[in-house]
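Presented below is the structure to which this report refers.
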Amino acid sequence: MNHKVYKIQKGDTLHSVAEKFQLSTEALRTYHNLHCELSDLLSGEEKLPRHLEIILLPAGQITGGDKFKINTPLSFGHKEEYKIEIKNLFLVKNDPMSENQTESIWEISENKNAQVDIQVKDKKIHKYDTQLKTLIEVINKINESSDHLQIALNKDGTIQSVLNKNEILERWEEIKFQDVKFSEMQDDFVKIIVEQYNKAFQNISKLIKENMLYQVVFCPKNDLRYPVLYTQPLKKNIEVNSLIFPQKNIYYDWSYTGKEEKEYIQFSLQADVPSTRLQHFKELYEKGYAAMLQSPFNPEFKIEGKYMFHKQTGKLKQAYVYVKEQMSKELLYIVQYKITRISSDEPENTKPNIKDETIPPNEEKPKAFTSRFLFD
């Protein structure tokens, strides 16, 4: 079997060698021990054996320095239209308590100064709970306050802040009085929602940054590299609103792999939060659900997604992302996000056919992605 052979240098440790080749220490140790002589086995210690001269690596693995640099920055492009499809499913005792399906068209422009302009051009609700019709209509109307967003990005491509705060606040005041006031006077629950949004819109940057949808759209794309054959850390300690208990937040870490696929670069992003980091939900669960469900607190949070960027243009072509939040085996929330660029990679003087979303014959169509954990 062919191996890549690394000659150990002075000062090397198991961790430093693993980092150099963008491997986990466990993956490095496992591969080497599987193929080396018995006398050259790596132990669980950080320090390498004194007599060891070489480490065996997978032949396909290359060093960080040899990795392909993405010469064209990954971007949303200028005035590109993206279809954002969202499916939500809230399950209680395996029965759908809430199931919604929406679709919207975003026009996105990203410039070289790490600023993005978003204009929501169209919204459709394909599926919703009839019992929640009034509430859904109110929330959708409220969300129109931020149909135009101007945001500043961090160096990694994640959201730093909202730039057009005053515009959003003015729009919110209009909607609140002209479109929501009638429902608010009839329903105390709508009144509570309006009060919550009054507070939230005062800190619109925090509201947007901690929203799962915006974290999915604005993932840390500028720190992605390829090929990355073994899972690598991408960004740590990201704060997002809980889907079940939105008054509290979850902290997760992105990790990823990356590979080349003809016209596309594909990145697989994932996050898996251990139950030990979700204990702050225990009191809320036990107060609100434990007695009714007769199911012990057993929290879990996972994200699994695939992003396809066009190699030549650097533009996002398509992304599928799945999020699963669980508080017990009888209480969970699942969301699917699908992001599709609906304009083509043809030169700008070629008018894209927005209604026809087929991929040009000379271009490989990104494959649909189904998350494993949906079937846990």
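The values are calculated or read from the model by the stated rules, or taken from the named source; none is laboratory data. No experiment lies behind these values; they were computed from the predicted model shown. Here Cβ is always computed from backbone atoms with ideal geometry, including for glycine, and neighbour counts include all displayed protein chains.
From the list GLN232, GLN266, the one residue that fits, being touching a Ser or Thr at 6+ places or on another chain (Cβ under 7 Å), more than 20 Å from ASN88 (Cα to Cα) and either assigned to a loop (DSSP other than H, G, I, E, B) or not basic (Lys, Arg) (or both), is GLN232.
Just the residues that are of a type in the set (S, T, N, Q), part of a helix (DSSP H, G or I) and either within 21 Å of TYR322 (Cβ to Cβ) or not assigned by TED's automatic domain parsing to the domain that holds GLU110 (or both), please, taken from segment 194-222. Walk me through it before giving the result.
Applying the first criterion (of a type in the set (S, T, N, Q)) to segment 194-222 yields 196, 198, 202-203, 205, 211, 215, 222.
So of that shortlist, the ones also part of a helix (DSSP H, G or I) come out as 196, 198, 205, 215, 222.
Hit for segment 194-222 is GLN215, nothing else.
Sort out which residues of segment 147-169 are charged (D, E, K, R), in a helix (DSSP H, G or I) and free of Cβ contacts under 8 Å to residues at least 40 places away in the same chain, and write them in order of number. If you could, list the steps in order and put the result at the bottom.
Of the residues in segment 147-169, the ones charged (D, E, K, R) are 147, 155-156, 165, 167.
Those still in the list that are in a helix (DSSP H, G or I) too: 165, 167.
GLU167 - this is the single residue of segment 147-169 that is charged (D, E, K, R), in a helix (DSSP H, G or I) and free of Cβ contacts under 8 Å to residues at least 40 places away in the same chain.
Filtered by the rule that a residue be more than 21 Å from LYS155 (Cα to Cα) and aliphatic (A, V, I, L, M), segment 223-259 gives LEU229, LEU243, ILE244, ILE250. Do we find that SER344 is at pLDDT 90 or above and either basic (Lys, Arg) or surrounded by 13 or more Cβ atoms within 10 Å (Cβ to Cβ) (or both) in this structure? No. LYS317 passes every criterion in (1) part of a strand (DSSP E or B); (2) within 29 Å of LYS83 (Cα to Cα); (3) touching a Leu at 6+ places or on another chain (Cβ under 7 Å) apart from (3).
Of all residues assigned to segment 226-236, none qualifies as being touching a residue at least 60 places away in the same chain (Cβ under 8 Å), of a type in the set (Lys, Arg) and surrounded by fewer than 18 Cβ atoms within 10 Å (Cβ to Cβ). If you go through segment 90-108 and keep only what is in contact with an Asp or Glu (Cβ under 9 Å, 6 or more places away or on another chain) and either among the charged types (D, E, K, R) or closer than 23 Å to VAL120 by Cβ (or both), you end up with LYS93, SER98, GLU99, ASN100, GLN101, THR102, GLU103, SER104, ILE105, TRP106, GLU107, ILE108. Here is a check on your reading of the model: is SER145 within 17 Å of ILE118 (Cβ to Cβ) and either surrounded by 15 or more Cβ atoms within 10 Å (Cβ to Cβ) or not polar (S, T, N, Q) (or both)? Here the answer is yes, as SER145 does meet what is asked. For segment 11-37, a residue qualifies if it is in a helix (DSSP H, G or I) and either more than 30 Å from the chain's Cα centre (by Cα) or of a type in the set (S, T, N, Q) (or both), and the qualifying residues are LEU14, SER16, THR25, ARG29, THR30, TYR31, HIS32, ASN33, LEU34, HIS35.
Could you go through segment 170-180 and let me know if any residue there is part of a strand (DSSP E or B) and of a type in the set (D, E, K, R). Checked against the condition, which is being part of a strand (DSSP E or B) and of a type in the set (D, E, K, R), segment 170-180 yields no hits at all.
Within segment 98-135, the set of residues being at pLDDT 95 or above and within 22 Å of VAL335 (Cβ to Cβ) comprises GLU103, SER104, ILE105, TRP106, ILE108, ILE118, VAL120.
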